[in-house]
Structure formats: C-alpha cells, structure tokens
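**Student:** Following this message is one structure expressed as structure tokens.
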Amino acid sequence: MTHPYEERREMKKLKKHFNMLGFVADAQYGFPTRCPCGGEIMEDASPNPKYPSDFDTLLGSRYFTCKSFKDDGMHFRQLWAFGVEQEVQCLRREVDDMPEEIAKLKKLIIRS
C-alpha cells in the first residue's frame, strides 16, 4: 500500500501529463506560435524529396516543428499544408462575418 502523499503526488503528475496532451491537441490548429512545452516553433522540411526527380528546388514535406521535438506526445510537429489550410478557413469565416457586422454598425450610426 502506498502512502497517501505519494499517491497524491503520482495523481498530480498524471493529471499534468493528461492536461499537457490536451494542450498539444488544442494547439495544433492554424499556424502554431509556441509549442505547449514552451519551446520555439521552427519551419522544417523533411530531408527526403517528394519525388526522385526533384533536385534542390523542391524539398520534401514542410512542417511546423518544436525546436526541442521528441516523439513523446508532448511536443508537436504539424504538416505545413494543414496549418495553412486551417488558417485560411479561419480567415474566410472572419471575412464572411464582416458584412453582417458592417450592417450592424451602419444601423447604429443611422440611429444616433
């Protein structure tokens, strides 16, 4: 039987670990600015070209990668194309909402 203090310490450690996994999952949307571990994000390219006929012009797949990346689930490496696609979707939603917002502001100006 473990001591209650040790059990609580282990429980806190596990809770911190699971919270960090959630933060990593939530952070992988759009262009990442910082890794949940606090590390800096770099734009990275895989050293292998996509096609054998590629020379120096086309690198392999591009990624947003944590500077201290380890494949332990606490850091992230996100495909560049996914980040760009999600960011464009977010911007489109904002632009789609703008006409409605402009109409509301026009009404407010007319009333006053």
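The values are calculated or read from the model by the stated rules, or taken from the named source; none is laboratory data. What you see is a predicted model, and the numbers here were worked out from it, not measured in a lab. We place every Cβ from the backbone using ideal geometry, glycine too, and count neighbours over all the protein chains shown. Areas reflect the complete protein model, heavy atoms only, side chains present, ligands, DNA and RNA absent. Shrake-Rupley method; radii C 1.70, N 1.55, O 1.52, S 1.80 Å.
**Student:** For residue 77 and residue 100, what does the FRET efficiency come to when R0 = 25 Å and r is the distance between their Cβ atoms, rounded to the nearest 0.05?
**Tutor:** With R0 = 25 Å, the Cβ-Cβ based efficiency is 0.10.
**Student:** Just read off the accessible area of residue 110 with the full protein assembly in place, 1.4 Å probe, to the nearest 10 Å².
**Tutor:** Only protein atoms counted, so the area is about 140 Å².
**Student:** For residue 45, enumerate residues with amide H under 5 Å from its amide H, sequence gap 5+ or separate chain, H modeled in the peptide plane.
**Tutor:** 63
**Student:** What is the sum of charges, Lys and Arg at +1 and Asp and Glu at -1, for the other residues whose Cβ falls under 12 Å from the Cβ of residue 39?
**Tutor:** Overall, the nearby charge balance is +3.
**Student:** Also: Mind listing the phi-derived Karplus ³J(HN,Hα) values for the range 7-18, rounded to whole Hz, using 6.51, -1.76 and 1.60 with θ = phi - 60°, and x for any glycine or proline?
**Tutor:** Values per residue, Gly and Pro as x: 5, 5, 4, 5, 5, 5, 4, 5, 4, 4, 4, 5 Hz.
**Student:** In nm, what is the difference between 0.36 nm times the number of residues separating residue 10 and residue 42 and their Cα-Cα distance?
**Tutor:** Taking 0.36 nm per residue and subtracting the Cα distance, the gain is 8.2 nm.
**Student:** Now a separate question. Tell me the label-point distance for the pair residue 109, residue 61, using the 7 Å Cα-to-Cβ offset, in nm and rounded to one decimal.
**Tutor:** Those two pseudo-labels are separated by 4.8 nm.
**Student:** A follow-up question, please. Which of the lysines could a cross-linker bridge to residue 16, judged by Cα under 22 Å and excluding same-chain residues fewer than eight apart?
**Tutor:** 67, 70
**Student:** At a probe radius of 1.4 Å, what is the per-residue accessible area of residue 93, in Å² to the nearest 10?
**Tutor:** Probe radius 1.4 Å; accessible area of residue 93 about 130 Å².
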